[in-house]
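Structure first, commentary second.
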Amino acid sequence: MATYSITDFSALGLKPTNAGTWTGRQSSNAGTSLTSYSPVDGKAIGEVSTTTRAEYDAALEKAHAAFVHWRTIPAPKRGEYVRQFGDVLRANKDLLGKLVSYEMGKSLQEGWGEVQEMIDICDYAVGLSRQLTGLTFQSERPNHHMMEQWHPLGIVGVISAFNFPVAVWSWNAALAWVCGDVVVWKASEKAPLCAVACQHLWNQVATSNDLPEGISTIVTGAVEVGQWMTADMRVPLVSATGSTAMGRKVGSVVAERFGRSILELGGNNAIIVTPEADLKMTVIGTVFGAVGTAGQRCTSTRRLIVHESIFNKVVDVLKKAYSQLTIGNPLDPTVHVGPLIDSAAVAQYERALTEVVREGGTILVEGGVLSGPGYESGCYVKPAIAHVENHFAIVQHETFAPILYLMTYSTLEEAIALQNRVPQGLSSAIMTLNMREAHTFLSAAGSDCGIANVNIGTSGAEIGGAFGGEKETGGGRESGSDSWKAYMRRQTNTLNYGNNLPLAQGIVFNI
Ligand code: NAD
């Protein structure tokens, strides 16, 4: 089995320690440190210092000072710095992808894919930096011009989840930067070394262009550091990615102080499989969606809603596909399923399988925790399939693990109702070659999710479109389309170039 070389992360700003691990300490503070363990082999990879309250406040001051300068730089010039950052990422794609894979446990292909997403969003942001356009309006008053402008907000706080330890930050950062904002990032406490590496790579751009510190800043630590940011009046926008439980707290605290938030929270994504589906495509989409990243994507396929006439056939092909899955070290290119992030995630997985049976479900493909050589971290689990009812409490809940719930339907209307009858609303799909079924699914009476696909699975998304979901997924949108508007404030301008001061709505005010 392939092994990771953890001897060469120094190019990412990590320093080797005598213990054979890495340190990404940002300061010599007396605060506690955070150790990062790899779910791949259970070993400590390295440690970072946790940010103290005083350091946090100093970082925010520095970020504000940087913003005052950064907002005066023309947007296309800011785009040029983002272009350079994309090039630095290109040069470090291999190593950063390896660190992502080792620290988070996703396959190396997916680790590289995540860095590629960072590069793509940089390219996107470069073009966007010349397209931050506002509208002009016809004024009802003579000799008046009306228009709207988009101005930067200030400090954008990013709180990120463990499962996309670098890409989600870059989706926010690249857009925020070209919009004229600066970014303070509270990364997941489960993947802090990835954040140190990203900061190190940005620093190369900042240093070579003589840019001030504070355009990009990381603050490290657990929930508490995120709470400081959420309550901080100096942070007009908090973009938070993580569980619905986290988003509920963050959203209400930010709203309480009239700040803005982008919430990118949990999903409970389903694929509808109709009698007119291409079964081969269905199996590829379903299996990748359910077991890819060990079921730890917000867009992972959790539910398969299958027409009753083809249920047995679908179960047979899925059982066959699952019997061929290899589970192990994600660096090995022949492996399909890597580890879960930690023992708490394994416990959630086991609890979900127990609950399914307790609620009356039938296990179709057995799960279980793997042990023995190669599985020493205790984080490797078998992808499982269960036949369930949609209303089971456990099915309504997002379990971040490779468990696929199968259920049947008889009419398309019923299938769409089942798909929508969960609290979350991130991603959805239908597998059909029937045009009526496809368009019904995409219509206003169809899927209620932020993402609705036809003949591809629920998992993964391109950066060109807006990414995010409805209901308990939080309603936020990131990445493409007009998501950039969330990072700016809109200003309506009316300019009078005449000799009189006519009032709007024809009001006469004689003095
Ligand atoms: P999590 O909610 O445990 O933590 C996410 C981040 O929020 C961490 O940095 C954590 O320290 C911080 N945090 C937690 N409580 C907080 C609080 N009260 N105030 C401020 N910050 C707080 O999530 P996780 O386990 O890291 O990630 C998995 C979850 O993220 C899943 O639910 C998944 O669906 C979701 N996710 C959603 C998207 C999306 O775009 N919709 C993308 C990736 C992950």
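A few remarks follow.
- Cα gyration tensor category, rounded, prolate or oblate, for the chain with a/c compared to 1.5: oblate
- Judged by the mean number of other Cβ atoms found within 10 Å, the most tightly packed of the peptides 211-219, 193-201 leads the ranking 193-201, 211-219.
- Under Karplus coefficients 6.51, -1.76 and 1.60, residue-wise ³J(HN,Hα) of segment 73-81 in Hz, glycine/proline x: 6, x, 3, x, 6, 4, x, 4, 5
- Bridging of Lys280 to lysines at a Cα separation below 19 Å is possible for Lys313, Lys319, Lys320, once same-chain residues fewer than 8 apart are set aside.
- C-alpha center-to-center spacing [segment 292-331, segment 262-290] in angstrom: 9
- Helix axis angle, 244-256 relative to the chain longest principal axis, alpha carbon, degrees: 20
- Within the shell of other residues whose beta carbon sits under 15 angstrom from the beta carbon of Asn496, the net charge comes to 0, with Lys and Arg scored +1 and Asp and Glu -1.
- Per-residue 3J(HN,Hα) values for segment 383-396, derived from phi via the Karplus relation 6.51 cos²θ - 1.76 cosθ + 1.60 with θ = phi - 60°, read x, 10, 10, 10, 8, 9, 10, 4, 7, 3, 4, 5, 6, 6 Hz in sequence order (x marks Gly and Pro).
- Accessible-area composition of the chain, carbon plus sulfur, in percent [1.4 Å probe]: 54
- Between amide H atoms placed 1.01 Å from N, distances below 5 Å from Trp22 occur with Thr17, Gly46, Glu47, all of them 5 or more places distant or on a separate chain.
- Net charge over other residues, Cβ less than 10 angstrom from the Cβ of Cys298 (K, R count +1; D, E count -1): -1
- Per-pair calculated FRET efficiency, R0 = 45 Å: Lys485 and Ser309 via Cβ, rounded to 0.05: 0.50
- Whole-Hz ³J(HN,Hα) from phi, Karplus 6.51 cos²θ - 1.76 cosθ + 1.60, for segment 364-370, glycine and proline x: 9, 10, 5, x, x, 8, 8
- Accessible surface area normalised per residue over segment 269-463 is 41 Å², counting heavy atoms of protein chains with a 1.4 Å rolling probe.
- Neighbour-limited loop hits for GluC sites (Glu not before Pro), segment 108-192 (at most 12 other Cβ within 10 Å; DSSP other than H, G, I, E, B): Glu140
- Computed over segment 179-297: relative contact order in percent, which uses C-alpha pairs under 8 Å that are six or more apart: 19
- Given their separation in residues at 0.36 nm each and the Cα-Cα distance between them, Gln131 and Glu148 gain 4.7 nm when the chain is fully extended.
- Rolling a 1.4 Å probe over the protein heavy atoms gives segment 89-189 an accessible area of 32 Å² per residue.
- Highest average first, the peptides 50-62, 454-466 ordered by how many other beta carbon atoms sit within 10 Å of their residues are 454-466, 50-62.
- The relative contact order of the chain, computed from alpha carbon pairs under 8 Å that lie at least 6 residues apart in sequence, is 17 percent.
- Here segment 435-454 and segment 392-433 have alpha carbon centers that stand 14 Å from each other.
The values are calculated or read from the model by the stated rules, or taken from the named source; none is laboratory data. Worth saying up front: this structure is predicted, and the values here are computed from it rather than measured. Positions of Cβ are generated from backbone atoms using ideal geometry, with glycine treated the same way; all protein chains shown enter the neighbour counts. Ligands, DNA and RNA are stripped out before the accessible areas are found, and what is left, the full protein with its side chains, is counted by its heavy atoms. Shrake-Rupley method; radii C 1.70, N 1.55, O 1.52, S 1.80 Å.
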